[in-house]
Structures are given as C-alpha cells and as structure tokens.
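A short write-up of the structure that comes next.
The values are calculated or read from the model by the stated rules, or taken from the named source; none is laboratory data. Remember, predicted model here, so these are calculated numbers, not experimental data. Cβ sites come from the backbone with ideal geometry, for glycine too, and all protein chains shown count toward neighbours. To get the accessible areas, we keep the full protein, side chains included, count just its heavy atoms, and leave off ligands, DNA and RNA. Shrake-Rupley method; radii C 1.70, N 1.55, O 1.52, S 1.80 Å.
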Amino acid sequence: RRQRLLNWASERQMYVIEDDYDSEFRYSGKPIPSLQSMDQNERVVYLSTFSKSLMPSLRIGYMVLPPPLLNRYRERYRHFTCSVPRFEQHTLAEFMATGDFEKHLNRMRKTYRRKLEIIIAAFKPYEPTVSVTGASAGLHVVLSVHTSETSEELKRLAEASNIRINAMTDYRIESSDTIPQFLFGFAALSEETLPAAVSALMSCWNIEKGRDG
C-alpha cells in the first residue's frame, strides 16, 4: 500500500508530505521504514521534530526536501531568519554525532515500554467493555469504549472529574462515532500514577471490572 502511494505520486507528479510522528518509539516488530527512505523518484517531503524524542521546549523541527524543492527553497527563503538559536542547533548536532542521541532513545524506549505494559495490565480487568489498541508504537493508546454513551457524553464526564482526555472525533472532519474512542497518553505520567489514572477514568465513566478483574 505504501509503494502504491509512492507510485501514485510519481505518476501524477505530486508530492507526499510525510509527518513521521513518534517514529522513534516502536515497541514490537521491526521498525517501519519511512516513505522518504523508500522513495526513488523524489516525491516525498519528510517532516519531523524533536519535541517527543527530547523535549517540546527545544522547539526544533526539520524537513527533508527532494533536491528540486531544496533548490527552490534556497532561492526563495534563504534570507529567512531561523528562530532556533545556533547554540542549541550545534549542541543537538553534537549530541547526535557522538551517538548519545541513539543511547537516549534506547533508554526512553525501555521507559515507555514499561509504562505501556502497566497501562495494558491496568485496563485488562475492564475488558470487554474497554479495549486497547495501537500499543505497538507511539506515546498513547486508543481506548474503545463499548457503552451506550457517546464520545461527547463520556468526555463531559471525564471533564467533570478534572480528567482531560481527547476523543478520536476531535481529530476528524466528519464524525463517525459508532464506538466511542479516546487517546490515552502516557508519556507525562509516572509509572506509579498510571494505575490510579486508569482507575479514576473508569470510575468517572461508571465502568466496573469484569468478573475476572
């Protein structure tokens, strides 16, 4: 399917913008190559950032342009001022050149994998009312809630308990809320607080543990 997309872009002389979000954090299987690395016809614009892999306050993002677009970019925007201080750019470049960035990613993968295991174990007693998917990569999982309430109603219940959680419908142009789904992020929560966070969410939604929980 990915190759068909690249073929489509090449045949129509179109560009694909690839936002490789959270690609550094994959917990099972082999890493999936980026479209840009597979592209033989220079039709992919690759975008990414260090906000998740390092810290949002670094405010460094980047893009890898195909050579024809790179030349046009230099012609039109070479005089634009970069808002990121050179000191931070050079420090990050040194951090990557020495191999310390890769070591950092390996440590963080282990940390996030432990958090992911805690989350899956914490939601397990609430099956089948709640199911967890999307646990192979990234810093969040997707919760599917099999209940009579809508996403909006469940979100209001969470907000009433001072719990902020985003519904999948928040990211869609057209709502198709057959089964309410939510993004449960775990990057900022400590391992110790994750079980309590899951319990609080289930409590505000009036979801009880199953017979085996």
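Structure summary
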{"quantity": "Listed residues Trp8, Trp205 arranged by accessible area, highest first, probe 1.4 Å", "calculated": "Trp8, Trp205"}
{"quantity": "Charge sum, other residues only, whose C-beta stays under 13 Å from Arg113's C-beta, Lys/Arg counted +1 and Asp/Glu -1", "calculated": "+3"}
{"quantity": "Average Cα contact separation per residue, the chain, under 8 Å, 6 or more apart, as relative contact order %", "calculated": "18 percent"}
{"quantity": "Accessible surface of the chain, 1.4 Å probe, proportion on carbon and sulfur as whole %", "calculated": "52 percent"}
{"quantity": "Area accessible to solvent at Lys115, 1.4 Å probe radius, in Å²", "calculated": "20 Å²"}
{"quantity": "Most positive-pole-ward Cα, Ala158, Ser199, Gly185, against dipole of the chain from beta carbon charges", "calculated": "Gly185"}
{"quantity": "For the chain, built as a Gaussian network whose Cα springs stay under 10 Å, the top-fluctuating residue of Ala137, Ala93, Ala122", "calculated": "Ala93"}
{"quantity": "For the chain, share of DSSP beta bridges that run antiparallel, in % to the nearest 5", "calculated": "80 percent"}
{"quantity": "Peptides 47-53, 67-73, 144-150 ordered by average Cβ neighbours within 10 Å, highest first", "calculated": "47-53, 144-150, 67-73"}
{"quantity": "Heavy-atom accessible area per residue - the chain, 1.4 Å, Å²", "calculated": "67 Å²"}
{"quantity": "Estimated 222 nm signal from helices in the chain, with DSSP H stretches of n ≥ 4 weighted -39500 (n - 2.57), rounded to 500", "calculated": "-12000 deg cm²/dmol"}
{"quantity": "Hz values of 3J(HN,Hα) by residue in segment 135-147 - Karplus curve (6.51, -1.76, 1.60), Gly and Pro given as x", "calculated": "9, 8, 7, x, 10, 8, 10, 9, 9, 9, 10, 8, 8"}
{"quantity": "Per-residue ³J(HN,Hα) for segment 12-21, Karplus 6.51 cos²θ - 1.76 cosθ + 1.60, θ = phi - 60°, Hz, x for Gly and Pro", "calculated": "9, 6, 9, 10, 9, 9, 9, 9, 8, 6"}
{"quantity": "Summed residue charge, Cβ within 14 Å of Glu191's Cβ, Lys/Arg positive, Asp/Glu negative", "calculated": "+2"}
{"quantity": "Span-rule helices in the chain, defined as complete DSSP H runs reaching 27 Å or more along the axis (Cα) with Kyte mean at least -1.0", "calculated": "100-123"}
{"quantity": "Above-threshold pairs, the threshold being 32 Å between Cα atoms, out of Lys103/Lys155; Lys30/Lys155; Lys115/Lys209", "calculated": "Lys103/Lys155; Lys30/Lys155"}
{"quantity": "Rounded if a/c under 1.5, otherwise prolate or oblate - segment 23-80, Cα gyration tensor axes", "calculated": "oblate"}
{"quantity": "Reported label for calculated Rg/Rh (Cα atoms, Kirkwood Rh) given (1) 1.00; (2) 1.03; (3) 1.06", "calculated": "(2)"}
{"quantity": "Dipole in debye (nearest 20) - the chain, about Cα centre, beta carbon charges: Lys, Arg +1; Asp, Glu -1", "calculated": "600 debye"}
